[in-house]
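Following: one structure in structure tokens, then a few remarks.
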Amino acid sequence: IGVLAQVPPTFSYRESFKNYKILTLPCAYILLLLVNSYKHKSSNFQHLHDHSTRIRGGTRMYNMIPDSLKKLDLNPFKNRMKNFLMITGLYSVNEYFCHKF
């Protein structure tokens with residue numbers, strides 16, 4: 001992204017990710033978890049082992065989003081969440097948990 005945006009390596013690329021509408025690695029991971037949780041939202045997750053932290057983390061993330069987004073069909077849900085993540089340009093999963101929806 002630094003070469004594409006012509007930003008020196010000593011500067012933050014956060015704005016470049018936003019400007020070029022490229023997901024950061026944490027944002028791509030968050031999107032994967034949210035979509036997975038969306039697909040399994042009717043499941044109660046009782047059949048999963050305790051070590052399935054990715055599922056639980058995704059469920060926690062999913063529960064944070066507004067109900068209006070949860071009611072969307074899969075593709076509009078993915079598009080909305082992807083756009084949100086591109087705009088925010090999160091650099092860590094923890095930033096997602098600190099975000100106010």
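The values are calculated or read from the model by the stated rules, or taken from the named source; none is laboratory data. Keep in mind that what you see is a predicted model, and the values were worked out from it rather than measured. Every residue, glycine among them, receives a Cβ derived from its backbone with ideal geometry; neighbour counts consider all protein chains shown.
Looking across the stretch 1-40 at every residue that is of a type in the set (D, E, K, R) and under 23 Å from E95 (Cα atoms), the one that is modelled with the highest pLDDT is identified as K21. Inspection of the stretch 74-91 identifies no residue that is of a type outside the set (K, R), more than 13 Å from F17 (Cβ to Cβ), out of contact with any strand residue (DSSP E or B) (no Cβ under 9 Å at 6 or more places or on another chain) and part of a loop (DSSP other than H, G, I, E, B).
I'd like to check something: does the stretch 61-71 contain any residue that is part of a helix (DSSP H, G or I), more than 11 Å from the chain's Cα centre (by Cα) and closer than 13 Å to L33 by Cβ?
Within the stretch 61-71, the subset part of a helix (DSSP H, G or I) is 61-64, 67-70.
Now restrict to residues that are more than 11 Å from the chain's Cα centre (by Cα): 63-64, 67-70.
Then keep just the ones that are closer than 13 Å to L33 by Cβ; that gives 63-64.
There is at least one residue in the stretch 61-71 that is part of a helix (DSSP H, G or I), more than 11 Å from the chain's Cα centre (by Cα) and closer than 13 Å to L33 by Cβ.
Look at (1) buried (at least 16 other Cβ atoms within 10 Å of the Cβ); (2) at pLDDT below 95 and you find that M81 fails only one, number (2). A count restricted to the stretch 41-60 and to residues that are more than 18 Å from L90 (Cβ to Cβ), at pLDDT below 80 and either within 14 Å of the chain's Cα centre (by Cα) or not charged (D, E, K, R) (or both) stands at 12.
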